[in-house]
Amino acid sequence: MHVKLTLVMKDGSCQKARVTDATSVEEAIEFMKTMRPGVQDAVVGWELAEQWEAKQQA
């Protein structure tokens, strides 16, 4: 399963992430929370990260 996630970092920033070999969305979220230091939350899709990026560029 291919899952696109927005990672919400502890410093308030957002990052796009992609997990390509998860068996479920929940597994992808847990994987990113444990493997990436500083991740506070993970949300399915890139909409939140794209909104954050747009605010940074404005």
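A few notes on this one:
- The relative contact order of the chain comes to 42 percent, based on Cα pairs under 8 Å that sit 6 or more residues apart.
- Only protein atoms count toward the accessible area here, which uses a 1.4 Å probe; on segment 1-55, the carbon and sulfur part of that area reaches 53 percent.
- Between the Cα long axis of helix 47-57 and the first principal axis of the chain there is an angle of about 30°, rounded to the nearest 10.
- Computing Rg and the Kirkwood Rh from the Cα coordinates of the chain gives a ratio, Rg/Rh, of 0.99.
- Helix 25-35 axis versus longest C-alpha principal axis of the chain: approximately 70°, rounded to the nearest ten.
- At a probe radius of 1.4 angstrom, the accessible area of the chain per residue rounds to 68 square angstrom.
The values are calculated or read from the model by the stated rules, or taken from the named source; none is laboratory data. Since the structure is predicted, the reported quantities are computational estimates derived from the model, not experimental observations. Areas reflect the complete protein model, heavy atoms only, side chains present, ligands, DNA and RNA absent. Shrake-Rupley method; radii C 1.70, N 1.55, O 1.52, S 1.80 Å.
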